[in-house]
Amino acid sequence: MRARSAAITIATTTAAVVLPAVPAGAATITVCHSGCTYSQLAPALAAAHDGDTIKVGRGTYAGGVTITTSITLRGAGSSATVISGGGPVLTVGAFGASSEPRVAIAGVTIRGGVTRSSQESEAFVGKPGVLALGGGIEVPPDASQSSGAEVTITDSVVSGNQVAPTATVPSGLSECPRFPQDMCPFAIAGGGGINTWGPLTIRNSTISGNRVGAATSLPHNGKSSDANGAGIWSLNGPLTITNSLVTGNRARAVAPNGRFGDGGGLLADGGITTLRHDTFSDNAARLDAALTNDFTSPDSWLAIAGGAHISGDAATVTDSRFVDNRVVMTNSVGDANAFSGGLHTDMDITVSGVVSSHNTVISRATGPGADAVADSGAGEISGSLTDVRMSDNTVAAWSRSGLASAVAGAAVSRGTLTDSTVRGNTVRASASRGDALADGGGLLVGGPLTIRSSTVAGDTARIDSGRGAAKGGGIYDAPVPNGPPGGPLTLVDSRITGNRAVGPSAAGGGIFASGQSVSRTASVVRGNRPDQCVGC
């Protein structure tokens with residue numbers, strides 16, 4: 001139950017952006033392998049002016065090109081026109097410019113980009129190879145670092161791009177206060193498919209198979225301390241994704257440098273995010289660390305958000321699916337923290353018509369006395385949730401000799417859950433020689449929550465080995481160590497049925513509430529094992 005933001009957050013407006021009228025004399029420039037004005041993309045871009053359209057024919061064209069004018073780049077279809085190679089394949093806008101272009105990209109595939117260093121690296125940390133951003137598309141920051149070029153991507157594919165830095169710098173003492181700086185190296189791999197500092201709109205497109213950090217096949221790919229946004233990393237927003245697929249993207253950081261794996265499919269780090277009719281599937285965020293417990297806080301490292309991580313000013317997620325995403329953390333020395341298999345939000349948002357299912361969170365701590373915490377299979381969300389299905393998600397924590405804590409088939413920090421279903425989720429904790437806790441097989445309540453006209457059924461909180469307790473097979477509404485305080489919980493016209501708490505000191509098969517009030521109106525709590533409600 002932790003939030004982390006890796007980038008600058010700024011305010012943006014909700015006003016619709018209207019592209020300017022096409023200037024008088026705007027031209028159409030053709031690119032194809034035979035019979036066109038240009039046979040490659042780079043000279044066509046050099047010749048383009050604001051308002052021009054570059055039409056690219058069938059075939060594969062060399063990437064590693066930059067767009068600095070407000071143009072439309074239109075291919076013959078994503079299966080016909082391929083822009084390949086370079087690092088990034090496309091750069092849109094100019095780093096540090098006072099004004100940036102508006103660019104529309106349609107009907108192309110952007111693939112095969114390999115980025116090992118970005119312009120931001122020397123500008124921000126004084127050394128190349130430390131910040132590697134944007135394998136397929138990179139939109140660098142403007143002079144204020146609060147925005148960048150405005151890009152719209154339609155009917156396109158961004159696939160098979162890779163990002164990994166080649167160098168590190170010492171982290172700041174505020175991040176690693178108890179370590180010599182040379183023992184806490186810093187480097188970022190981000191935005192395997194797309195990295196943007198500006199407004200981004202994606203429609204009817206696929207972002208797939210992109211890799212950042214140690215998930216790449218690149219030499220020396222283990223430099224990253226942070227592996228962020230394997231599919232998309234949006235730093236400032238606004239970000240709108242509609243009718244699109246984000247799938248098979250991988251973010252991974254490894255020892256000795258690795259501290260964060262964040263956003264397998266998406267990391268939206270600022271502004272306003274809108275997701276409509278999208279699918280986030282088979283994405284993964286992973287951290288395999290060798291870190292001691294001497295850092296300043298438990299948030300000094302973690303793996304988070306297999307599907308999508310949204311922070312910023314506001315967000316709306318509508319009619320979208322988060323399925324088969326994964327978060328994994330292992331630590332051979334200290335604690336392991338893994339959170340939010342499907343969707344993770346850092347603020348209250350509006351969610352409707354969303355499915356989060358078959359996501360997985362795994363945490364493994366093999367060091368002496370080290371704890372493993374795994375949390376929020378479907379994800380951690382707060383705000384207004386309507387017509388949401390969170391089902392068949394799995395959370396598993398294993399510790400060799402410390403505490404293993406598996407929590408929350410799904411977590412709703414606060415707000416309302418209406419006309420929704422939480423079903424068939426499992427949290428499992430195993431401790432070879434330590435204590436094990438399994439809490440909230442179906443749902444963890446992190447703050448004041450009203451559940452209305454909803455069902456929590458067939459969920460399980462289970463202790464597989466070790467000393468400890470399983471609590472709240474259906475709902476866990478109690479304070480969590482280093483986490484949220486819980487309720488109060490209000491149930492209205494809802495059903496809590498057929499849930500189980502299994503293992504030593506099992507309690508609250510339906511609901512476990514401690515130190516919180518539970519209010520029930522026209523609601524049913526029955527058929528749960530070993531009991532119905534503790535603390536009601």
- prompt: Quick check: anything in region 261-278 in the same structural domain as Ser147 (by TED's automatic domain parsing) and assigned to a helix (DSSP H, G or I)?
  reply: no
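Yes/no per residue for (1) crowded, with 19+ Cβ neighbours inside 10 Å; (2) within 14 Å of the chain's Cα centre (by Cα); (3) within 27 Å of Ser234 (Cβ to Cβ):
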{"residue": "Asp313", "(1), (2), (3)": "no, no, yes"}
{"residue": "Phe339", "(1), (2), (3)": "yes, yes, yes"}
{"residue": "Pro368", "(1), (2), (3)": "no, no, no"}
{"residue": "Ile381", "(1), (2), (3)": "yes, yes, yes"}
{"residue": "Ala396", "(1), (2), (3)": "yes, no, no"}
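Here is a check on your reading of the model: is Thr166 in a loop (DSSP other than H, G, I, E, B) and of a type in the set (Val, Ile, Thr)? Steps first, please.
Values: in a loop (DSSP other than H, G, I, E, B): yes; of a type in the set (Val, Ile, Thr): yes.
Yes; evaluated as a whole, the condition is true for this residue.
Could you say which residue among Ser430, Ser413, Ser405 is farther than 16 Å from Arg500 by Cβ and either at pLDDT below 95 or outside the structural domain of Val502 (by TED's automatic domain parsing) (or both)? First the steps, then the outcome.
Values: Ser430 fails: either at pLDDT below 95 or outside the structural domain of Val502 (by TED's automatic domain parsing) (or both); Ser405 fails: either at pLDDT below 95 or outside the structural domain of Val502 (by TED's automatic domain parsing) (or both).
Unique residue meeting the criteria: Ser413.
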query: If you take the residues in region 135-148 that are farther than 23 Å from Ser208 by Cβ and outside any strand (DSSP E or B), which one is farthest from the chain's Cα centre (by Cα)?
result: Ala143
Number of the exception - Ala290 against (1) of a type outside the set (Lys, Arg); (2) within 14 Å of the chain's Cα centre (by Cα); (3) over 21 Å from Ser357 (Cβ atoms): (2)
field: Every residue from region 55-98 that is in contact (Cβ under 8 Å) with a residue 40 or more places away in the chain, part of a loop (DSSP other than H, G, I, E, B) and of a type in the set (A, V, I, L, M, F, W, C)
entry: Val89, Ala94, Phe95, Ala97
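Scanning region 357-371 for residues that are assigned to a strand (DSSP E or B) and in contact with an Asp or Glu (Cβ under 7 Å, 6 or more places away or on another chain), which turns out nearest to Thr394 (Cα to Cα)?
Filtering region 357-371 for residues assigned to a strand (DSSP E or B) gives 357, 360-365.
The next check asks that each one be in contact with an Asp or Glu (Cβ under 7 Å, 6 or more places away or on another chain); those that pass are 357, 361, 365.
Working: Ser357: 9, Val361: 6, Ala365: 18 Å.
Checked region 357-371; the qualifying residue nearest to Thr394 (Cα to Cα) is Val361.
Kindly provide the set of residues from region 389-402 that are assigned to a strand (DSSP E or B) and either in contact with a Gly (Cβ under 8 Å, 6 or more places away or on another chain) or modelled with pLDDT under 95 (or both), ordered by number.
Met390, Ser391, Thr394, Val395, Ser399
Taking Ala132, is it at pLDDT 95 or above, surrounded by 18 or more Cβ atoms within 10 Å (Cβ to Cβ), within 25 Å of the chain's Cα centre (by Cα) and part of a loop (DSSP other than H, G, I, E, B)?
Numbers: at pLDDT 95 or above: yes; surrounded by 18 or more Cβ atoms within 10 Å (Cβ to Cβ): yes; within 25 Å of the chain's Cα centre (by Cα): yes; part of a loop (DSSP other than H, G, I, E, B): no.
Spelling it out, it is not the case that Ala132 is at pLDDT 95 or above, surrounded by 18 or more Cβ atoms within 10 Å (Cβ to Cβ), within 25 Å of the chain's Cα centre (by Cα) and part of a loop (DSSP other than H, G, I, E, B).
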- request: Test Leu173 against the stated conditions and say whether it is modelled with pLDDT under 95 and either part of a strand (DSSP E or B) or not aromatic (Phe, Trp, Tyr) (or both).
  value: yes
message: What are the pairs with Cβ atoms under 6 angstrom where one residue, in region 270-290, is touching a residue at least 40 places away in the same chain (Cβ under 8 Å) and farther than 15 Å from Ser311 by Cβ and the other, located anywhere, is hydrophobic (A, V, I, L, M, F, W, C) and outside any strand (DSSP E or B)? Sequence gap at least six, or different chains.
response: Ala289/Ala255; Ala289/Trp301; Ala290/Ala255; Ala290/Val333
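The values are calculated or read from the model by the stated rules, or taken from the named source; none is laboratory data. Keep in mind the model is a prediction, meaning the values are calculated, not measured. All Cβ positions, glycine included, derive from the backbone under ideal geometry; neighbour counts span all protein chains shown.
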